[in-house]
Amino acid sequence: GRALADEEVDAGADLLLPASIGVGATTAASVLVAALTGTEPVAVVGRGSGIDDNAWMRKAAAVRDALRRTREHTRDPLALLRVGGGSDLAALTGFCLQASLRRTPVLLDGLVVGTGALLAEELAPGAREWWLVAQRSPEPAMTLAVEHMGLTPVLDLGIRVGDGTGATTVVPLLQMAARLLAETATAADLGLT
């Protein structure tokens with residue numbers, strides 16, 4: 001993940017939009033958010049892709065069982081990631097961490113990306129200053145991660161899909177905001193006091 005961020009920044013990227021696409025990735029992400037925020041499994045498990053009650057109960061039980069394995073690692077983000085995460089979460093954590101070290105803004109979107117960012121913030125406090133949350137998520141674990149990092153989503157699209165969809169929607173808004181800041185005269189520029 002760190003190498004990917006370096007590659008993009010070295011190629012001239014001035015804004016990064018990580019995304020995750022995978023089945024079941026929100027379960028591991030929910031485990032890590034619960035471990036880092038001290039939250040019970042039933043409070044982090046959402047409906048994801050629209051799972052029914054039985055699937056939700058199985059997911060909550062899986063998160064509960066995984067939290068038992070991660071219990072002794074809650075103060076060590078790398079150990080927590082190793083025990084409760086996967087390679088996708090490790091890559092996203094490294095990506096977010098390196099982007100902040102390279103002072104390159106990142107648009108976060110989706111629970112898996114948000115969890116990677118949460119871990120990166122635990123590894124390098126203050127990294128979150130380089131991140132913006134694209135959209136509010138209906139996933140409880142993402143809401144907890146965003147609140148834990150003290151970030152505020154730009155949009156509330158009311159959709160379940162993360163995976164970069166909200167981030168791509170926010171890009172034109174950021175471009176317009178940058179243009180307004182760069183091209184709009186201030187009161188001082190106009191000689192007004």
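The values are calculated or read from the model by the stated rules, or taken from the named source; none is laboratory data. Everything numeric here is computed off the predicted structure, so don't read it as measured data. Every residue, glycine among them, receives a Cβ derived from its backbone with ideal geometry; neighbour counts consider all protein chains shown. The protein model used for the area step is the full one, side chains on, heavy atoms only, and it has no ligands, DNA or RNA in it. Shrake-Rupley method; radii C 1.70, N 1.55, O 1.52, S 1.80 Å.
Couple of notes before you dig in:
- Looking at the stretch 1-132, the accessible area is 48 square angstrom per residue; that uses a 1.4 Å probe and ignores ligands, DNA and RNA.
- 3J(HN,Hα) couplings calculated from phi for the stretch 167-179 with the Karplus curve 6.51 cos²θ - 1.76 cosθ + 1.60 (θ = phi - 60°) are, in sequence order, 4, 5, 6, 6, 3, x, 5, 5, 4, 5, 4, 4, 5 Hz; Gly and Pro show x.
- q = 0.08, 0.12, 0.16, 0.18 Å⁻¹: log10 I(q)/I(0) that the Debye formula gives for the chain, counting C-alpha atoms only: -0.28, -0.57, -0.94, -1.16
- Computed from backbone phi with θ = phi - 60° and the Karplus coefficients 6.51, -1.76 and 1.60, the 3J(HN,Hα) list for the stretch 131-139 is 10, 9, 8, 5, 9, 5, 10, x, 6 Hz; x is used for glycine and proline.
- Taking amide H atoms as placed 1.01 Å from N in the peptide plane, the amide H of residue 16 lies under 5 Å from those of 106, 107, each 5 or more residues away in sequence or on another chain.
- A cut-off of 5 Å between modelled amide H atoms, ignoring neighbours fewer than 5 places along the same chain, links residue 133 with 108, 152, 154.
- Mean sequence separation of contacting Cα pairs (under 8 Å, at least six apart), scaled by the length of the chain, corresponds to a relative contact order of 26 percent.
- Label sites at residue 57 and residue 21, each approximated as a point 7 angstrom past Cα along Cα to Cβ, lie 3.4 nm apart.
- Shown in residue order for the stretch 64-75 are the 3J(HN,Hα) couplings computed by the Karplus curve 6.51 cos²θ - 1.76 cosθ + 1.60 at θ = phi - 60°: 4, 5, 5, 5, 5, 6, 8, 3, 7, 10, 5, 9 Hz (x for Gly and Pro).
- Measuring nothing but protein heavy atoms, the accessible surface of the chain at 1.4 Å probe radius is 55 percent carbon and sulfur.
- Spin-label model distance (nm) - residue 87 vs residue 65, 7 Å beyond Cα toward Cβ: 2.3 nm
- Relative to the longest principal axis of the Cα atoms of the chain, the long axis of helix 25-37 lies at roughly 80 degrees.
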